[in-house]
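Report on the structure given below.
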Amino acid sequence: MGAIWDYTISQGKNAKEAYAKATSEAYTEFGHNAYNGTLTTSSGFQEVMPPHGKSYKELIALIQNENKLTSTYPSVGKKWESCGAMKLKANTYAFWGIFAT
């Protein structure tokens, strides 16, 4: 099977709650298929620290840039493994990775 790189932004009081909300929404929209191309195909998440001193807008630009993001955080976001997670601002988290299709 294939894979696709993608990201999603979700709200929650912490990363665990935001991930649960994002996976619930993905299951609702794309179904429970193990190859649905969403973060539901990951084995959870690994939270990483955002680069120091970056604004929300700069963090969003980083999340949207697959090459820069994967070179900055090479240990997260691999297919079937934990997706990356980063707090962007209060109660807002980004999750990214290579998801099974």
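The values are calculated or read from the model by the stated rules, or taken from the named source; none is laboratory data. Values in this document were obtained by computation on a predicted structure and should not be read as measured data. Don't worry about glycine lacking a Cβ; one is built from the backbone with ideal geometry, like all the others, and counts go over all protein chains shown.
Of the numbered conditions (1) within 13 Å of residue 9 (Cα to Cα); (2) crowded, with 17+ Cβ neighbours inside 10 Å, residue 91 fails exactly one; give the number of that condition.
It is condition (2) that residue 91 fails.
Could you tell me which residue of the range 18-56 is nearest to the chain's Cα centre (by Cα), considering only residues that are aliphatic (A, V, I, L, M) and closer than 21 Å to residue 75 by Cβ?
Let us first name the residues in the range 18-56 that are aliphatic (A, V, I, L, M), namely 18, 20, 22, 26, 34, 39, 48-49.
Restricting the remaining residues to those that are closer than 21 Å to residue 75 by Cβ gives 18, 22, 39, 48-49.
Working: 18: 10, 22: 9, 39: 7, 48: 11, 49: 13 Å.
For the range 18-56, the residue satisfying everything is 39.
What number of residues in the range 10-19 are loosely packed, with under 14 Cβ neighbours inside 10 Å and part of a loop (DSSP other than H, G, I, E, B)?
Result for the range 10-19: 2.
Which one of 93, 73 is farther than 21 Å from residue 25 by Cβ and in contact with a strand residue (DSSP E or B) (Cβ under 9 Å, 6 or more places away or on another chain)?
Numbers: 93 fails: farther than 21 Å from residue 25 by Cβ.
73 is the lone residue from the list that is farther than 21 Å from residue 25 by Cβ and in contact with a strand residue (DSSP E or B) (Cβ under 9 Å, 6 or more places away or on another chain).
Okay, residues lined up against (1) assigned to a helix (DSSP H, G or I); (2) modelled with pLDDT under 95; (3) under 13 Å from residue 84 (Cβ atoms):
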position: 8; (1), (2), (3): no, no, yes
position: 21; (1), (2), (3): yes, no, no
position: 24; (1), (2), (3): yes, no, no
position: 28; (1), (2), (3): yes, no, no
position: 33; (1), (2), (3): no, yes, no
position: 46; (1), (2), (3): no, no, yes
position: 70; (1), (2), (3): yes, yes, yes
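Filter the range 46-64 down to the residues that are closer than 13 Å to residue 7 by Cα and small (Gly, Ala, Ser) and list them by number.
Across the range 46-64, the qualifying residue is only 61.
Quick one: how many residues across the range 48-68 are outside any helix (DSSP H, G or I) and either out of contact with any Phe, Trp or Tyr (no Cβ under 6 Å at 6 or more places or on another chain) or modelled with pLDDT under 95 (or both)?
Residues flagged as outside any helix (DSSP H, G or I) and either out of contact with any Phe, Trp or Tyr (no Cβ under 6 Å at 6 or more places or on another chain) or modelled with pLDDT under 95 (or both) within the range 48-68 amount to 8.
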